[in-house]
Amino acid sequence: MQTQINRKGGKVKSEIPIISKELCLRLLADLERAKRPVLHATKCSLDNAIYNHKVGYLTPGSKKVATELNVSSVKKMSRAIFMLEILLRNIETGAVNTKRELYYISKGEIKGTPMLKPLDFADQPESDDTIDFICELIECYREDVNCYANDRGGQTYSQQLIVTETLPDGTTATIDLSKLGTSPFQPKNRPQNLRLSASKKIDFALIVESEGTANTLVANGFTKRHNCILIGSQGVPSNAVRGWSKLIQDQLKTPMYFFGDLDAYTLQNIYRTLKAGSAASLIRNQDYSAPDVRFLGVLPEDIKKYDLFDYPVRESDAQEGRALKKADDALKNDPFFQDKKNKGLADILKWLLKNKRRCEQQSYFSVNPKDPTMPEKIIVEKIKRGDYV
Amino acid sequence: MKKRETIDWDRAHGTHVEFVFDGRVQVNGEAGLLNYLLGTSLVNPHLTLHYKLPDQENVTIERVSQEVPAIPDATEPHPHTMKLGEFIAHSHLYGRVKVSAWLKKGFSRLGDAVFDEMSKNKDFGLNKAFFERNVDQLSNAEFEKLFSAIQKTELKPPSTSSVLSIGEDSLSKSIQRLGKVDFFSVVSRKPAICDFKPVQVEVAIARLEQRTQDSDSPVQLLRFANRVPLQFDKSACAIASAITTVNWRSYGLGQPKESLPQGPYIFAVSVVSPFIKFKNASKETIDASDELVEEIRRALMQAGQKLSRYINAENKAADLEEKRRYIEQFGPILVEGLARITNAKEETKKRAREGLLKILGRDANETEKELSVANEKLKVQRAKEGDAEMDEA
């Protein structure tokens, strides 16, 4: 069975119950005829990822994962239908939950109905997988079934940005970021309900990998001196950060830059996810990637130019060794790094593999230790000179 | 030594030794006394063992074989066990005799048929007349030529009478003295030559009914060199090396990388040879030479193949049971769930339930067929081993 998609930005919530019911009706009809039902879900992995620089993000290929109903899969399917019922109830009542909450809700349901005992989830990853399976089946975002992740990262500072949020009851709330003092604005991971405007022309948006460094830049007056938006991504960008960046790109059309460490992990896991989405979320990259974001640094040439402190990658360190191996794999298999338009980024990966060195974003603070605004000066100078990839 | 005395022994076998010693006795564990007794009873099926440990009842382990192993007769050396120097020196013991006579008398597994084969092979450069010459007239180059030809010629392996093997039948009975076993697999390899020495490897693997250890604990390994249990320095031993290099996962056992397999199994490996090369003077560990490790590996793999038939049949049976349970448990849940979402009528639910049972029933039938195939293979193996009657009983 295969549902039809796909309209821009996933599915409208009102469509989910209809599609779900169609899916269940088809399953029942197959069962009535003693025909083995087969469910097809989009294969969300790198070998099914297509990258076209004109599109700007990773899109799913034609590969589907087929789940045929048999004795081995009957548990998985039963769990999916059980969880789907909970999610549909949430959509109907407007209730929202995190994955962890859904785990406990399902445990509560099972506790009250002894017949459902065989469905019990041993731990949260099992229920998470069931939720992901449902989303892949009906090709919708997790948020479409009222399941929201924690809004991690994305703290945003600006003296010019004004956000208008449409609330569930239809009313609106306006947030002028210049009035928040030292508090940042925290975007939701469903930022499509937000409208953005600017009190004054915004020259650029800067996404900083380290939340701490973003705070330091703001505390030292970065947003006062420049008409900009400054966002802390807090490591690998969450859905909130990805959706928020996409919103800024689409609604404000402002140039966007990413500033993070010079290492394979940052380039592949953080920057690539922000710019083109991830292979695991192929069906949602459209709304959760900002293809216009440029890589401001740290660039390999910056090390010499600013005499930055860099240090060798310890291949004995499991995480760093894995990142290097992944970098090698990315050059061979990742369509994003294989695209001609991203040759500059692929060259950085090659440089990292060849030199086996890394340099952190905070090393800009070593350029002139007495001047706390030195990193800001370098960042602005790089933007002005077009010194980015 | 307080007193030394020599006596004439008028019986075929039997020794009574009595002594008292003072010290700490380690009873349990790999290097414990019990393990030693257990191992000794395993590799000596003819042995009846009575023992009493402090604060415990008397224990008797009855013999399972009435045959007392005969001490092997001395045999002539197998030519493949010799190096060139030894080969030439060996000829000096025979004085002026013909080459053929020397080879026949001085070695095992050499005869006219082998000489014919060697003289026909042009690469060896040995004609029939060569074998009629006197051995004391051969030059070193000719010895070398003859030695090389013998090494390149395939000969029968050393005679089984040259080593004191336990035998598959006795081992099968003996392994059941270790405790109640679910199933077992025994292999007695034919004697082979490893590092110029005749060696015989025997393996017994049994799964115990009583699971005293976790399923992810390593198997209990019993090692023997000439029927003597080896209890120390396991990791450096040829037997342990051989076990860890076999892929036990393909035989249905769990095994972490480069480690002993896991589960409630006893692995007993016996190496018998007139010349076992130990790693140390205390004879705790057999030296892990490539040839010996390979020979032990082969024995283990043979035993693993036999064992896998039991495990396979058992897995299939468990698989079938699980499938039947799944059909019973999840069938109604799935249909009820679908019916609730679609507001299906009772009639639809009934038909869907019946359809689902048919679909899942087909899967179970497939497994049932696989199980009967696995059982059939097992039956054939048991019949071969002569265990069929015992199982029926």
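Below is a table of values for the structure above.
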item: Antiparallel bridge percentage (DSSP; both residues within the protein assembly as shown; nearest 5); result: 75
item: Partner chain coverage, peptide A:73-82 - average Cβ within 10 angstrom; result: 6
item: Cα Rg, Dmax (largest Cα-Cα span) when computed across the protein assembly as shown, Å; result: 38.6, 119
item: Square roots of five times the Cα gyration tensor eigenvalues for segment B:291-346, Å; result: 50, 11, 5
item: Formal net charge of residues neighbouring B:R351 (Cβ-Cβ distance under 13 Å; K, R +1; D, E -1); result: +2
item: Neighbour-count order for B:K52, A:K350, fewest beta carbons within 10 angstrom listed first; result: B:K52, A:K350
item: Computed over chain A, the ratio Rg/Rh where both radii use C-alpha atoms and Rh is Kirkwood; result: 1.01
item: Neighbourhood charge, 13 Å Cβ-Cβ cut-off, centred on A:V298 and excluding it, Lys, Arg +1 and Asp, Glu -1; result: -4
item: Dimensions in Å of segment A:25-96 - Rg and Dmax from alpha carbons; result: 16.5, 47
item: Sequence-separation-based contact order of chain A, relative, with Cα cut under 8 Å and 6+ spacing, percent; result: 16
item: Note, ³J(HN,Hα) from phi for segment B:181-198, Karplus 6.51, -1.76, 1.60, rounded to Hz, x at Gly and Pro; result: 10, 5, 7, 8, 8, 10, 9, 10, 6, 5, x, 10, 10, 10, 6, 6, 10, x
item: Burial ordering of B:W102, B:W9, A:W351, fewest other beta-carbon atoms within 10 Å first; result: B:W9, A:W351, B:W102
item: Over chain B, equivalent-ellipsoid semi-axes from the Cα gyration tensor in Å; result: 54, 32, 18
item: Anchor B:K316: aspartates and glutamates whose Cα lies under 14 Å away (excluding residues fewer than 8 positions away in-chain); result: B:D363, B:E366, B:E368, B:E370, B:E376
item: GluC sites (Glu not before Pro) restricted to DSSP loop in segment A:263-334 with at most 14 other C-beta within 10 Å; result: A:E315
item: For segment A:315-382 versus segment B:288-313, the gap between their alpha-carbon centres in whole angstrom; result: 50
item: Point-to-point label distance, A:R322-A:K305, nm (Cα→Cβ direction, 7 Å offset); result: 3.3
item: Excluding exposed DSSP-loop GluC sites (Glu not before Pro) (at most 14 other C-beta within 10 Å), longest clean stretch of chain B; result: B:259-393
item: P(r) weight above 21 Å for segment B:1-92, C-alpha pairs, percent; result: 61
item: Kirkwood-based Rg to Rh ratio, segment B:25-175, C-alpha trace; result: 1.24
item: Flagged links, alpha-carbon separation over 25 Å, of A:K246/A:K382; A:K304/A:K384; A:K246/A:K356; A:K117/B:K350; A:K99/A:K332; B:K120/B:K156; result: A:K246/A:K356; A:K99/A:K332
item: Fewest-first ranking of A:R100, B:R96, using other Cβ atoms within 10 Å as the exposure measure; result: B:R96, A:R100
item: Difference of contour (0.36 nm per residue) and Cα-Cα distance, B:K173 to B:N315; result: 48.6 nm
item: Reach of A:K54 by Cα under 12 Å, taken over aspartates and glutamates that are not fewer than 8 positions away in the same chain; result: A:D292, A:D339
item: Relative contact order for segment A:167-260, counting Cα pairs under 8 Å that sit 6 or more residues apart, in percent; result: 37
item: Relative contact order, percent, chain B [alpha-carbon distance under 8 Å, six or more residues apart]; result: 13
item: Largest-first ellipsoid semi-axes for segment B:160-285, taking √(5λ) over the Cα gyration tensor eigenvalues, angstrom; result: 24, 18, 13
item: Net dipole in debye of chain B [+1 Lys, Arg Cβ; -1 Asp, Glu Cβ; about Cα centre; nearest 20]; result: 600
item: Loop sites in segment B:195-260: trypsin sites (Lys or Arg not before Pro), DSSP, at most 13 other Cβ within 10 Å; result: B:R211, B:K257
item: Euclidean distance between Cα centres, segment A:158-196 to segment B:95-162, Å; result: 98
item: Computed helical MRE - 222 nm, chain B, DSSP H runs ≥ 4 contributing -39500 (n - 2.57), nearest 500; result: -14000 deg cm²/dmol
item: Approximate spin-label separation B:E142-A:L180, in nm, with each point projected 7 Å along Cα-to-Cβ; result: 10.3
item: Distance from segment B:4-75 to segment A:38-55 (C-alpha centre basis), Å; result: 70
item: Segment B:14-85: chymotrypsin sites (Phe, Trp or Tyr not before Pro) in DSSP loop, at most 14 other beta carbons within 10 Å; result: B:F19, B:F21
item: Of the DSSP H helices in chain B, those whose Cα atoms cover at least 24 Å axially and whose Kyte score averages -1.0 or more; result: B:290-342
item: Potential extension, A:T98-A:I50 segment - 0.36 nm per residue separation minus Cα distance; result: 14.3 nm
item: Gyration tensor (alpha-carbon) shape descriptor, segment A:189-344, a/c threshold 1.5; result: oblate
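Read the figures in this text as sums done on the coordinates, not as results from a lab. Remember, it's a predicted structure, so these values are computed and weren't measured experimentally. With ideal geometry, Cβ positions are generated from the backbone for all residues, glycine too; neighbour counts draw on all protein chains shown.
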